[in-house]
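*Asks:* Just passing along the structure, written as structure tokens.
Derivation of every value follows stated rules applied to the coordinates shown; laboratory data play no part. A quick note: this is a predicted structure, and the numbers were derived from the prediction, not measured. For neighbour counting, all protein chains shown are included, and Cβ atoms are generated from backbone atoms with ideal geometry for every residue, glycine included.
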Amino acid sequence: MDGILLLDKNAGMTSHDVVDSVRRRVGRRDVGHAGTLDPLATGLLVVCLGRALRILEFLESHDKEYETTIRLGRRTETDDAEGKILEEREANSSRQELEGAMARFVGTISQKPPRYSAVKIAGRRLYEYAREGREVEIPERTVRIDEFALLDWTPPLLCARLRCSKGTYVRSLARDMGGCVEALRRTASGPFRVEDSVKLDGPYEALPPDVGLLHLPEVRLSAGDAARFEHGATVDIAVPGDLVRVYGGPVFLGVGARVSGGMRPRKVLAPR
């Protein structure tokens, strides 16, 4: 089985747990996921098998969409409901005040990742430092929030829809709002939606590898140029974008990049 699986992750599992389960189900090791979900989170996890692993980096870069419940007034060690409570206070903001506060996060912002996260500092994960009780300087990163919409406000629980760029931490948003994540569900990643996913123990049907790249322009090569592309050679052809989907006849070959003098292979799928 080669291609892309859309899975609806259960709470309590790590993304790596899901990958291990898929490996056992399909009987192969070449399985990976695009975009980590915390154990507390549920929802869409995009999993690549076989030849589709070659385009994993492009699927990871997709924008994401979430629905989240944030408990305002509670600060925890992990910025979610599973961490030790560090502080608790009353949350009595009005709906109008909340919407105003949320609007300030929309746009391109700087965000500091949670102490318990997989971000690497000096070759080690932040959660490794946190578990040892060591304080390290956490650099901020630039992320983009396209929507942070209030769906419901039943104090102290705020329910919201979030559309954002790759690398955005919902736990950091909750922390900066003065709370922690109570629940989190990924509803979309790029063109993929959780409504089209299956449960981990359900029947699997892999999508073709190129379905996650349909936003890239398409280029179709002659048999000779297709052979050159597959062998890593630059092809003398004008392309309509910086990155393109490349086909040899009906067969998806990989991703090409525009260069002076033509197109060079960026990712070539292994032969069938």
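*Asks:* Look at Thr69 and say whether it is part of a strand (DSSP E or B) and buried (at least 18 other Cβ atoms within 10 Å of the Cβ).
*Replies:* On the way: part of a strand (DSSP E or B): yes; buried (at least 18 other Cβ atoms within 10 Å of the Cβ): yes.
Considered against the rule, which asks whether it is part of a strand (DSSP E or B) and buried (at least 18 other Cβ atoms within 10 Å of the Cβ), Thr69 comes out as yes.
*Asks:* Sort out which residues of region 1-24 are part of a loop (DSSP other than H, G, I, E, B) and in contact with a strand residue (DSSP E or B) (Cβ under 7 Å, 6 or more places away or on another chain), and write them in order of number.
*Replies:* Across region 1-24, the qualifying residues are Met1, Asp2, Asn10, Ala11.
*Asks:* Restricting attention to region 227-263, which residues are exposed (fewer than 14 other Cβ atoms within 10 Å of the Cβ) and part of a loop (DSSP other than H, G, I, E, B)?
*Replies:* Scanning region 227-263 gives His231, Gly232, Ala233, Asp236, Ala238, Pro240, Asp242, Gly249, Pro250, Ser260, Gly261.
*Asks:* Of everything in region 181-210, what is among the aliphatic types (A, V, I, L, M) and either touching a helix residue (DSSP H, G or I) at 6+ places or on another chain (Cβ under 9 Å) or in a strand (DSSP E or B) (or both)? Give them in sequence order. So that I can check it myself, show each step before the final result.
*Replies:* Of the residues in region 181-210, the ones among the aliphatic types (A, V, I, L, M) are 181, 183-184, 188, 194, 198, 200, 206-207.
Matches in region 181-210: Val181, Ala183, Leu184, Ala188, Val198, Leu200, Ala206, Leu207.
*Asks:* Which strands (runs of 3 or more DSSP E) does region 88-180 wholly contain that include 3 or more residues that are closer than 21 Å to Thr69 by Cβ? Give the derivation first.
*Replies:* Working: elements: 107-111, 141-154, 157-164.
Ranges flagged: 141-154, 157-164.
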